[in-house]
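Since the structure comes first, as structure tokens, the remarks are kept for the end.
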Amino acid sequence: MPEIVIRSITNLFRIYLIFRFAEVFLGKQRRAKWMTIVIPITYCMANLALFWFFHSAWINVSINLLGTFAVVWLFTESFKANLFVTCSVTIINICCDALVTSLFVKYVPGQGYNPLYEVMTDFCILICLLLCGLIIRTHEHAEQGFRLSLLSVPICSIVTILFMIYFTACTEKGFIILGLSLLVINFFMLYQYNKLLQSISKKYENEMLEQRIQIYSNQLNIVMQSEERTKALRHDIKHHINELMILAQNNKAAELMNYLSKMNEALQNPDEIVSSGNMEIDSVLNFLLHQAKEKLPNVTVNITLPEDMKHSFDIIVVLGNLLENAMEAAEQSEKKYLGVDIYFQKGILFIQIDNSYSSNDSPSKALQKTMPAVTGRPFKHQGLGLKNVQRIVDAHNGSMEITKESYLYSVKLMLYMPKSE
Amino acid sequence: MYEIGICDDGENTCSLLEKYLLKYAKEKSIQLEIKIWYTGEGLRDYLSNSGHLDILFLDIELYKLSGIELGHFIRYKLDNMGMQLIYISGKSSYAMQLFKTQPLEFLVKPITFEQMTESMNLAIKIIRKKQERFEFQQGKDHYYVSQSDIICFESQGRKIRLVTTDGIYEFYGRIKDVIKILSDDFMIIHQSYIINKAHVRHYAYETVEMENGDVLTISQNLRKQVRDGILRSR
């Protein structure tokens, strides 16, 4: 009985360590809370029960691989990322197991041993976890960090060590050397993996900066053009007043109106589509809507925002991603319509982006076009389109709704904005 | 009849808006009484001397006393939350201070008749809602209050505390029965609170700040529902 209790505790602790490993690799878990409880408990119970009934090493290894995969699934939707993390964590587990058993017990594959040694194995894994935490410093872009060359290291390691163990092809001393060597090789591989993630982050940062520079320079051009127009009009203002006075004296109302509307036109800058006063938001919207107006004949824009809006970076990412998706879908449709409505009211920012979609597209295909895709477009490089939008919406405790009418897709979202003091 | 105010230092803008309003009144067969001020000070004096307006078209960039200051004066000094404020401006950029005065709309000059019609329709719709009443009993007496004057209901045991812009009343009842007879301007945010969305000053995920300064908690299990309700009612 005490054996079962200790075995259950060590098993649960090991699953907890796998959970922590996944956290080191992938950050916060993303599934519902109940799954965080149900999956580890099911894994633990299945592990104990199958070990008890079959005493088969292969079943043991398989259930551990499956269980680890299920735990890692709580953290990521990407199969490739999950496979990589599962294999890396499994090889660390097996190596620790091999080291402890080689050092202290005479191990027969599939047979149990004093559960106290399992405590030592858990302790060993804990040290590896801490080491792993020191090596892997980032989990951003983990989903894009998959490389077959990196994955081959833990997979080959697993195959080698299992072969050695179950065909008893090695002495105990050999196992210690093999276990330690494989741990070192895998930790080096993880070091390279971390370097890879850091370089991906750097790449995205650089692309984002380039994009921002492009957007700001566009806005600077717009501001300068507007300034030029005002200057030109101011320069000729005496001449214009004179002209207007003559027209007024001669009671030429129609011509007067015509002259005034021309003056008004001269003041308008066609590139300045949005002038909410919020420099960052104006920059992005002018940049993207300018492109939209070139491609789409029907663009309506309605924006009422405070100049000193907080969290403009988040809003930019949201607008950038949504507009790029909408513009792409609208461009391929017959009606070529894009509607942008942004409004701030009572502490809430409302954003609604409508776009027409091609009637040739099935609803799911059209929705896919509106939904995220990994393409070479600037805002997509910041992450994964709508996923990034959803992340920001969640961070602001907001809500997002996607609806489809006969020819129109609408993405409607609201974000709570903190009170500006 | 609706009392409409126009306050703009541009005489032509004022007369254009007046022309539009007269046309609107004729089209909709409603009666309007239009008052015009060219300075913020004039409007402030009128309102200070108990002058009433249902809808106010207010220029943001007035010469001395600005539209922002007047908006604050109306909302916070006069405590007038019922007047529908429509800001007019030559620019399309607005300070955060303006949003705190809970404007109905922003119109950018040159204003078109269609834009003004849309704003007027919305303002009149809100004003008409004021005529919907809420009835309750205190002892043997029946009371009626305009639904638009109700800020919130708070359940306190078997009693319900009714907070209005004019004062506080108490009656026996249950929150879930009260919500059934109210218009869709009202929303349950907690098993003890019903709020009037029109009297919210600031929404946050966990709380709602009402115009009278009360900060009410949104219960944890209703936060998602409240949030989605706000998004859908937009």
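The values are calculated or read from the model by the stated rules, or taken from the named source; none is laboratory data. Bear in mind the structure is a predicted one, so any value in this text is a computation, not a measurement. Here the Cβ is made from the backbone with ideal geometry for all residues, glycine too, and neighbour counts use every protein chain on show. Protein only, heavy atoms only, side chains kept; ligands, DNA and RNA dropped before computing areas. Shrake-Rupley method; radii C 1.70, N 1.55, O 1.52, S 1.80 Å.
All of (1) at pLDDT 90 or above; (2) touching a Lys or Arg at 6+ places or on another chain (Cβ under 8 Å) hold for B:THR101 with one exception: (1).
Is there a residue being closer than 30 Å to B:LYS180 by Cβ, under 17 Å from the mean Cα position of the chain (by Cα) and within 14 Å of chain A (Cβ to nearest Cβ) anywhere in segment B:88-109? The answer is yes; a qualifying residue exists. In summary, strands (runs of 3 or more DSSP E) completely within segment B:27-115 and bearing 3 or more residues that are of a type outside the set (Gly, Ala, Ser) and within 26 Å of B:ASP149 (Cα to Cα) occur at B:32-37, B:55-59, B:84-89. With respect to (1) open to solvent by 40 Å² or more (accessible area, probe 1.4 Å); (2) in contact (Cβ under 8 Å) with a residue 24 or more places away in the chain; (3) not aliphatic (A, V, I, L, M), the lone exception for A:GLU243 is condition (2). Checking the stated criteria, A:ILE41 turns out to be of a type outside the set (D, E, K, R) and open to solvent by 70 Å² or more (accessible area, probe 1.4 Å).
Among the criteria (1) touching a helix residue (DSSP H, G or I) at 6+ places or on another chain (Cβ under 9 Å); (2) closer than 26 Å to A:PHE350 by Cβ; (3) surrounded by fewer than 16 Cβ atoms within 10 Å (Cβ to Cβ), the one B:GLU114 does not fulfil is (1).
Table: residues versus (1) in contact (Cβ under 8 Å) with a residue 24 or more places away in the chain; (2) open to solvent by less than 20 Å² (accessible area, probe 1.4 Å).
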{"site": "B:THR101", "(1), (2)": "yes, yes"}
{"site": "B:LYS109", "(1), (2)": "yes, no"}
{"site": "B:SER119", "(1), (2)": "yes, yes"}
{"site": "B:ASP141", "(1), (2)": "no, no"}
{"site": "B:GLU170", "(1), (2)": "yes, no"}
{"site": "B:TYR193", "(1), (2)": "yes, no"}
{"site": "B:HIS202", "(1), (2)": "no, no"}
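Evaluate the following for A:TYR193: is it within 30 Å of A:ILE91 (Cα to Cα), surrounded by 13 or more Cβ atoms within 10 Å (Cβ to Cβ) and touching a Leu at 6+ places or on another chain (Cβ under 6 Å)?
Yes: the conditions hold for A:TYR193.
Starting from residues that are within 11 Å of chain B (Cβ to nearest Cβ), in contact with a helix residue (DSSP H, G or I) (Cβ under 9 Å, 6 or more places away or on another chain) and modelled with pLDDT of 80 or more, keep the ones in segment A:248-274 and report whichever is surrounded by the most Cβ atoms within 10 Å (Cβ to Cβ). Result: A:VAL274. Within segment A:284-318, the residues that satisfy the criterion of being over 21 Å from A:VAL411 (Cβ atoms) and modelled with pLDDT under 85 are A:GLU307, A:ASP308, A:LYS310. Taking the criterion of being under 18 Å from B:ASN212 (Cα atoms) and either open to solvent by 20 Å² or more (accessible area, probe 1.4 Å) or among the small types (Gly, Ala, Ser) (or both), the residues of segment B:145-168 that qualify are B:SER146, B:SER148, B:ASP149, B:GLU154, B:SER155, B:ARG161, B:THR165, B:ASP166, B:GLY167, B:ILE168. Hey, any hits in segment A:275-288 for a residue that's of a type in the set (A, V, I, L, M), open to solvent by 70 Å² or more (accessible area, probe 1.4 Å) and within 14 Å of chain B (Cβ to nearest Cβ)? Checked segment A:275-288: at least one residue is of a type in the set (A, V, I, L, M), open to solvent by 70 Å² or more (accessible area, probe 1.4 Å) and within 14 Å of chain B (Cβ to nearest Cβ).
Being surrounded by fewer than 20 Cβ atoms within 10 Å (Cβ to Cβ), modelled with pLDDT of 70 or more and within 14 Å of chain B (Cβ to nearest Cβ) narrows it down to one of A:LYS404, A:LYS412, so name that one.
None of the other options fit; the residue is A:LYS412.
Exactly one residue out of B:ILE88, B:ILE55, B:ILE34, B:ILE30 is touching a residue at least 60 places away in the same chain (Cβ under 8 Å), hydrophobic (A, V, I, L, M, F, W, C) and open to solvent by 20 Å² or more (accessible area, probe 1.4 Å): that is B:ILE30.
Within segment B:63-84, track down each residue that is farther than 21 Å from B:TYR38 by Cα and of a type in the set (A, V, I, L, M).
Going residue by residue through segment B:63-84, those that are farther than 21 Å from B:TYR38 by Cα are B:76-77, B:79-82.
Residue satisfying the conditions is B:MET81 alone.
Evaluation of A:LEU289 against the conditions (1) under 21 Å from A:LEU322 (Cβ atoms); (2) in contact with a helix residue (DSSP H, G or I) (Cβ under 6 Å, 6 or more places away or on another chain); (3) among the aliphatic types (A, V, I, L, M) shows that the sole unmet condition is (2).
Residues of segment B:182-212 that are small (Gly, Ala, Ser) and modelled with pLDDT of 90 or more: B:SER192, B:ALA204. Find the residue count for segment A:64-79, including only residues that are at pLDDT 90 or above, open to solvent by 10 Å² or more (accessible area, probe 1.4 Å) and of a type outside the set (Phe, Trp, Tyr). Selection size over segment A:64-79: 4. Please specify each residue of segment A:80-109 satisfying the condition of being farther than 22 Å from A:THR171 by Cα and open to solvent by 30 Å² or more (accessible area, probe 1.4 Å). Of everything in segment A:80-109, those that are farther than 22 Å from A:THR171 by Cα and open to solvent by 30 Å² or more (accessible area, probe 1.4 Å) turn out to be A:LYS80, A:LEU83.
Please determine, by comparing only the residues of segment B:204-234 that are touching a residue at least 24 places away in the same chain (Cβ under 8 Å) and of a type in the set (D, E, K, R), which one is nearest to the other protein chains (Cβ to nearest Cβ).
Of all residues in segment B:204-234, those touching a residue at least 24 places away in the same chain (Cβ under 8 Å) come to B:210-212, B:214, B:216-219, B:222, B:226, B:229-230, B:233.
This time we only want the ones that are of a type in the set (D, E, K, R), so: B:211, B:214.
Working: B:GLU211: 10, B:ASP214: 15 Å.
The qualifying residue nearest to the other protein chains (Cβ to nearest Cβ) is B:GLU211.
Looking only at segment A:45-52, decide whether some residue is in contact (Cβ under 8 Å) with a residue 60 or more places away in the chain and assigned by TED's automatic domain parsing to the domain that holds A:ARG137. Yes: segment A:45-52 contains one or more residues that are in contact (Cβ under 8 Å) with a residue 60 or more places away in the chain and assigned by TED's automatic domain parsing to the domain that holds A:ARG137.
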